[in-house]
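Data block below; observations after.
The values are calculated or read from the model by the stated rules, or taken from the named source; none is laboratory data. The structure presented is a predicted model; accordingly, all values stated were derived computationally and were not measured. Heads up, the Cβs are rebuilt from the backbone with ideal geometry, glycines too, and the neighbour counts pull from every protein chain shown.
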Amino acid sequence: MSTEGTPIAPPSFALSLLNGRHIATLATQRIDGSIHLAAIWFLYHEGMLYFPTNSNSQKARNVARTPSASAMIDTRVPGQEQGISVSGAAAIIHGPQGRELVAQAQRRYLTPKALYESNVGAAYAAFDDVVIALTPQRWTTWDIAQMNADNFDGILGVESGYLYPYD
């Protein structure tokens, strides 16, 4: 694995998002310079972000060619939105280390029942064979929930009639 630099730690409030079970949006650069976005599971471990994927996926090919990526992790409850975006150097981790990180990430999202079910756990284990490792070099955060509490006494929300629900 060759990622550049030491990971920069996220703001402390972001740890609940990073350690929670959310879906990330991963951005990598295609060969033509356009951005490829993918909804993806992730693992935050020892300051690094890991994204399980298949070595033949578009995102893996993009990172192999252009070793950088960005990701966004957020919650979407009207009036309570919070999120973080992160960017940095990226690398593909293959082999036993990659497979172990894939397994760790999958254990965050799949129940023990799914993991041991031959047509679920085995399929996931066979499909994802590498991880994209992202070394955080820049974090951006937003916290509408805090803004709501600080500026509006917590009244923003669907129930109050101030915000429409999301579809």
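Within the set A133, A89, the sole residue that is surrounded by 13 or more Cβ atoms within 10 Å (Cβ to Cβ), modelled with pLDDT of 95 or more and within 14 Å of the chain's Cα centre (by Cα) turns out to be A133.
For the range 51-66, the set of residues classified as touching a residue at least 40 places away in the same chain (Cβ under 8 Å) and farther than 20 Å from A123 by Cβ consists of V63 only.
The rows are residues; the columns are (1) within 30 Å of N148 (Cβ to Cβ); (2) in contact (Cβ under 8 Å) with a residue 24 or more places away in the chain; (3) in contact with a strand residue (DSSP E or B) (Cβ under 6 Å, 6 or more places away or on another chain).
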site: R76; (1), (2), (3): yes, yes, no
site: A91; (1), (2), (3): no, yes, yes
site: H94; (1), (2), (3): no, yes, yes
site: E100; (1), (2), (3): no, no, no
site: A105; (1), (2), (3): no, yes, yes
site: K113; (1), (2), (3): no, no, no
site: D128; (1), (2), (3): no, yes, yes
site: T135; (1), (2), (3): no, yes, yes
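If a residue must be over 21 Å from A27 (Cβ atoms) and surrounded by 15 or more Cβ atoms within 10 Å (Cβ to Cβ), how many such residues does the range 136-148 contain? So the count comes out to 4. Being under 26 Å from A14 (Cβ atoms) and at pLDDT below 95 holds for only one residue in Q80, Q97, and it is Q80. When P52 is tested against (1) crowded, with 17+ Cβ neighbours inside 10 Å; (2) more than 17 Å from A105 (Cα to Cα), just one condition goes unmet, and that condition is (2). Just one of (1) at pLDDT below 95; (2) more than 16 Å from R21 (Cα to Cα) fails for T75. It is (2). The set of residues in the range 11-25 being assigned to a helix (DSSP H, G or I) and either modelled with pLDDT under 95 or exposed (fewer than 15 other Cβ atoms within 10 Å of the Cβ) (or both) consists of S12, F13, A14, L15, S16, L17, N19. Taking the range 21-55 as the range and being in contact with a His (Cβ under 6 Å, 6 or more places away or on another chain) and either of a type in the set (K, R) or under 15 Å from V102 (Cβ atoms) (or both) as the test, only R30 passes. Per the conditions (1) surrounded by fewer than 14 Cβ atoms within 10 Å (Cβ to Cβ); (2) modelled with pLDDT of 95 or more; (3) under 30 Å from A145 (Cβ atoms), the sole criterion not satisfied by G33 is (3). A single entry from G154, G95, G161 fulfils the requirement of being at positive phi and touching a helix residue (DSSP H, G or I) at 6+ places or on another chain (Cβ under 8 Å): G154.
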